[in-house]
Every structure is written in C-alpha cells, then in structure tokens.
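**Student:** First, the structure itself, so that you have it in front of you.
Computed from the coordinates by the stated procedures, all read-outs in this text should not be read as laboratory data. The shown structure was predicted, so the numbers you read here are calculated from the model rather than taken from an experiment. Note that each Cβ is placed from the backbone with ideal geometry, even for glycine, and that neighbours are counted across all protein chains shown.
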Amino acid sequence: NCKTLSTQRRMRPEICDFIRPMYAKRLADTKLDDHSCVLKYPSDPSDYGLVSENGFVLYINHNFAEASSAIGMSYENPKEAEFATYLAVYFSKQRPEATIT
C-alpha cells in the first residue's frame, strides 16, 4: 500500500508541468496540484539572476550511471548529486542574496 504525492510545495508550476504527464499516465485517479505557496514565486527568471532561453528550466545532459539503492527498490546517482551540489553553489555565487531551494 503506497501513498502518492497529490500537492507539491517546492517546484515552480512551470517545472512541475514536466512531471504532471507522468502522474496522468501512471496514476489515472491522481492529480498533482500546486500548493498556493508556489504560485507566489516571482515570475521573471531575471529576479533569480537566471538567463535562459526557456525561462526557469535548464536542461543538463550527462552520462552518470544510476545504481541500485541499498534501501528499497530505488535508484541513486551519487555523481549526479555531486554535480547538482556544485551547480547550486555556482548559482548561489552568481546572486548571493537569492534563495535557492
């Protein structure tokens, strides 16, 4: 018996739109809603110091292999996590006063 996320509270709605189709395809009776707190995020990417052709979404392609997790049936990718950490540090240095979550 599993519980499924029905209201997300972290991603901008534009980013969450990428995973909504997965919910619709796999979990027909489940809808992923945005909490009101994510609707209050600034709507201009430059407010965060980001310059991107497609707004808030940045695509990163890598070939770091996933591995089975020691816990449950999940997978993990330590190299991807390390890369994401360095990327977050880079972004935070571009605009130190901004909050990155």
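**Student:** What lysines could a cross-link reach from LYS3, if we take a straight Cα to Cα line under 23 Å and drop same-chain neighbours fewer than 8 places away?
**Tutor:** Cα-Cα hits under 23 Å: LYS25, LYS31.
**Student:** Now for a different question. Please compute the modelled spin-label separation between SER92 and PHE18, points set 7 Å along Cα→Cβ, answer in nm with one decimal.
**Tutor:** With each label point 7 Å from Cα toward Cβ, the separation is 2.1 nm.
**Student:** Here's another thing I want to ask about it. Count charges around HIS62 for me, please; just the other residues with Cβ under 14 Å from its Cβ, Lys/Arg as +1, Asp/Glu as -1. Before the final figure, lay out the partial values.
**Tutor:** Details: positive: LYS79; negative: GLU66, GLU80, GLU82.
Value of the local net charge: -2.
**Student:** Could you give the length gained by full extension between ARG26 and SER74, i.e. 0.36 nm per residue of separation minus their alpha carbon distance, to one decimal place?
**Tutor:** 15.6 nm
**Student:** If you don't mind, another one. Sort 10-18, 65-73 by the packing proxy (mean of other Cβ within 10 Å over each peptide's residues), most packed first.
**Tutor:** Highest mean packing first, the order is 10-18, 65-73.
**Student:** Let me ask something else about it. Which of the lysines could a cross-linker bridge to LYS79, judged by Cα under 24 Å and excluding same-chain residues fewer than eight apart?
**Tutor:** Reachable lysines: LYS93.
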